[in-house]
Structures are given as structure tokens and as C-alpha cells.
Amino acid sequence: MKTAFITGVSGQDGAYLSKFLLEKGYRVTGLLPRRSTTSLWRLAYLGIEDEIELIDGDLLDLPSLIRTIKQARPDEVYNLAAQSFVGTSWQQPITTAKVTGMGVLHVLEAIRATDPGIKFYQASSSEMFGLVQQPIQSEETPFYPRSPYGVSKLFGHWMTKNYRESHQLYACSGILFNHESPLRGLEFVTRKVTDAVARIAAGQKHELRLGNIDAVRDWGYAGDYVEAIWLMLQQTDPDDYVIATGRSTTVREMCKVAFNHAGLNYEDYVVIDPTLYRPAEVDILLGNPAKAKEKLGWEAKTTLEQLIGMMVEADMKRVGCEVANKCKGSLGS
Ligand code: NDP
Ligand code: GDR
């Protein structure tokens, strides 16, 4: 039986990856930083809350990482923990640099200190492409990050590469494009939209305020993407991979799909709020997943329409549940 250790286990990807690995027969352990309120609703949603060994520690606390990795004795470490909301990275640049950037180095050092044979996955991001230097981004595209988050991810990305080349660690970076699900945080635009659609349909809300709806993203389903993450650690040699669908959509078009799913017209509800514009925007992202298809045999299975439909349905269920006052607070709403 293999053991995995996941940082960011309570996040969207941590939850889906845990479920995927449990189904593969793994023992799954996870780093859980102490918070004043419980953050395990995603694991509960997937029904795996009791199947994961959660170990108290924080990415910013290197001794705690060394201790937790020693305790978990993993074959594979997946570093998913981050301050992952791009918007907040302008409000909290130093925290973002510490958690999203330096945190990666802490994990790499903890692996070197405990067992350099452990395989390592780093959650890199398409945000590193930022002001895109090529119309379609692949592993060869030069980076130009546009936010403190993107800059911090780039640091982690190069550290991962450097530790692979300097210390011969089996260390991979997955350059993942946006991926969403019913477990997405409410601050991200897809979930903000699908939650609003559910509340508007239930008569609880009458408008949705958004920023730049002309931004273009390559959106996939998180449930598909965690398989690619796992596949990267099952190869003979470590490498970096772009994981994307290869289809681009505007925020505006995504809104249209979400509202249509509930029989509504987005133009009747969406209000543009300039205060939600970002200081430096990533206007367009479109990934080329050809290498992942060729080397990992991976490709995205879920269309944007299926994904957004699934999210609207889940939010309608949550809102219905809240109205009945049966599951308040337990489903991320
Ligand atoms: P989430 O924001 O849902 O999850 C982030 C996780 O990191 C949470 O479990 C959070 O715990 C944890 N965390 C934050 N700070 C610390 C800390 N100091 N110590 C330990 N854990 C901490 O992100 P996703 O699941 O969406 O993404 C996973 C990773 O992939 C992130 O690194 C993200 O930047 C990256 N990524 C995501 C993409 C996406 O589209 N989803 C695309 C590309 C990259 P808590 O909630 O308790 O703070
Ligand atoms: P992103 O995701 O910044 O791409 O980062 P987000 O959903 O926050 O924004 C996508 C695009 O939508 C525009 N937008 C809005 N965004 C939010 N959040 N709220 C709004 O009201 C709004 N209106 C318009 C944004 O300006 C942007 O262009 C995500 C995160 O998961 C990162 O951690 C990850 O690395 C990248 O995806 C790939």
C-alpha cells in the first residue's frame, strides 16, 4: 500500500485528489493547519472525512513539516497548499509570497531532510504565463506573471525544477489551468456565478456584481485534473506538464451558460462593478495539453457546459437545503 501526504488537503484539489487516491488503495495523510473554525466541509461532502489521517502542521513552519512528513512516511508528497486567490495576493502580497512561494521550498527541504526518495508534486499555475507571450501556452512558453500570486508560483516552479536538477529529487510541476467544481471556493468567478444563479432562481438575490467579464480562461473540471496530477508521479522520469482543456471561454460566455441552465438571461442580472477589476489583469489563457496527452495518456473529459451545469445543480441543492435549514454551513455556502 502506497502512502500519500497532501498539503492543502482541505482545499478543492486536496479533496478530489484524496478521494482519487483512496479509490486507488492509498493510505492518505494530510497536513492540516490549525484554524479557529473547521475547514473540512469538502472532505465531508465527498464522504471521506474519516478516511484521511490529518496531521497538525503549517507550510510556514519548517520544523512542523519535517515532523509531519516523518510521521506520515509518504511515498508521494503533493504540495497543493497555497494562498490561491489571485485577487487577495494584492491585498496580502507578503503572506502570498511566504505561503505560495517559500512554502514550496519548505516542503522540498523537508523531503531532503527526511527521505530524498519521496516523489514530489508541485501545484504550479497558468497564472505564471500572465501577460501571455504566445497565443497558446505550452511547457515551452516563456513566463510573465502579472500578480504577486503568479510571481510566487513562479518561484515555487523554478525551485521544483532546481531541486530536481541539483538534488536529483523526483520532483514534478503541473502547470494547471483553471479547474473548477462544486467544491470551488465562493471567491472564484465560476462558483460566484453558479451560487448567484441558484440564489437568484430561489428569489434570494436580484443582481450579480462582477469585474472584467471579457477575461478569457481555459476552464476544466477538478475531478479530471487530479488524475493528471497523480499520473505525473507514476512516470519513469520526473517532468513538468501543462494540464488544460485547449478551449477558451470568456467570463461573459460562462455566465451565459450558467444562467441559461436555470432558464435565466445573464444580461438581466449581471452588473459590472469597476471596483472588482484587478490592478493587472491576465486577459487570456489557453493551454496546449498535447504533452500530457502524449506522455501521460491524459485528456480532459468534462465540457464547460457539463461542468457549469454540475455546479449550478449543486448550488441549487445547497440553497434549497439552506432554505429548509437542514445543512446550513456544512456545504461551503
Ligand atoms: P484551495 O484554495 O481550495 O486550497 C488551498 C489549500 O491550502 C487549503 O486547504 C488551505 O487550507 C491550504 N493552506 C493555505 N495556507 C496554508 C498553510 N500556511 N499551511 C498549510 N496549508 C495551507 O486551492 P485549490 O484546491 O483550488 O488549488 C490547489 C493548488 O493548486 C493551489 O496551490 C493553487 O494555487 C493551485 N492551482 C489551482 C488551480 C485551480 O484552478 N484550482 C489552477 C492552478 C494551480 P485553509 O483553507 O485551512 O487555509
Ligand atoms: P483566476 O480565477 O484569477 O484565473 O485564478 P478567478 O476565478 O478568480 O478569476 C478568473 C477571471 O475572472 C475575472 N473576474 C472575476 N473574478 C473573480 N474572482 N470575481 C469576480 O467578480 C470577477 N469578475 C471577473 C477575473 O478578473 C479573472 O480574469 C484561478 C485560481 O484558482 C488560481 O489559484 C489558479 O492558479 C488560476 O486560476 C489558474
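Once the Cα gyration tensor of the stretch 224-333 is diagonalised, what are the square roots of 5 times its eigenvalues, in whole Å and ordered largest first, as equivalent ellipsoid semi-axes?
Over the Cα atoms of the stretch 224-333, the ellipsoid semi-axes are 32, 21, 14 Å.
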Among 58-66, 168-176, 199-207, what's the highest-first ranking by average C-beta atoms within 10 angstrom per residue? 168-176, 58-66, 199-207
So for R0 = 51 Å, FRET eff. of residue 53-residue 267 from the Cβ-Cβ r, to 0.05, ends up at 0.55
Binning every alpha carbon pair distance of the stretch 156-209 at 10 Å from zero, what are the percents per bin? 21, 27, 18, 17, 12, 5
At q = 0.10, 0.16 Å⁻¹, what log₁₀ I(q)/I(0) does a Debye calculation on the Cα points of the stretch 146-296 give, no solvent, two decimals? -0.45, -0.96
Please tell me the relative contact order of the chain in percent, rounded to the nearest whole number, where contacts are Cα pairs under 8 Å and at least six residues apart. 17 percent
Equivalent ellipsoid semi-axes for the chain, as square roots of 5 times the alpha carbon gyration tensor eigenvalues: give them largest first, rounded to whole Å. 32, 23, 18
Between residue 38 and residue 283, what length in nm is gained on full extension when 0.36 nm per residue of separation is reduced by their alpha carbon distance? 84.7 nm
Cβ-based charge dipole, the stretch 1-80, positive-most Cα from 38, 71, 25: 71
Normalised by the number of residues in the stretch 1-139, what is the relative contact order in percent for Cα pairs under 8 Å and 6+ residues apart? 25 percent
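Run the dipole for the chain about the Cα centre, Lys and Arg Cβ at +1, Asp and Glu Cβ at -1, nothing else charged, and hand back the magnitude in debye, nearest 20.
540 debye
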Kindly flag which residue pairs out of 2/291; 24/301; 153/256; 192/317; 24/98 have an alpha-carbon separation exceeding 23 Å in this structure. 2/291; 153/256; 24/98
Provide the gained length on full extension for the span residue 133 to residue 204, in nm with one decimal, where the gain is 0.36 nm per separating residue minus the Cα-Cα distance. 21.3 nm
So what is the 222 nm mean residue ellipticity for the chain from helices alone, if each DSSP H run of at least 4 adds -39500 (n - 2.57) and you divide by all residues, rounding to the nearest 500 deg cm²/dmol? -11000 deg cm²/dmol
Over what distance in Å are the Cα centres of the stretch 52-93 and the stretch 187-224 separated? 28 Å
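No value in this document is a laboratory result; all are computed from the given coordinates. Please read these numbers as outputs of a predicted model, since none were measured by experiment. Heads up, the Cβs are rebuilt from the backbone with ideal geometry, glycines too, and the neighbour counts pull from every protein chain shown.
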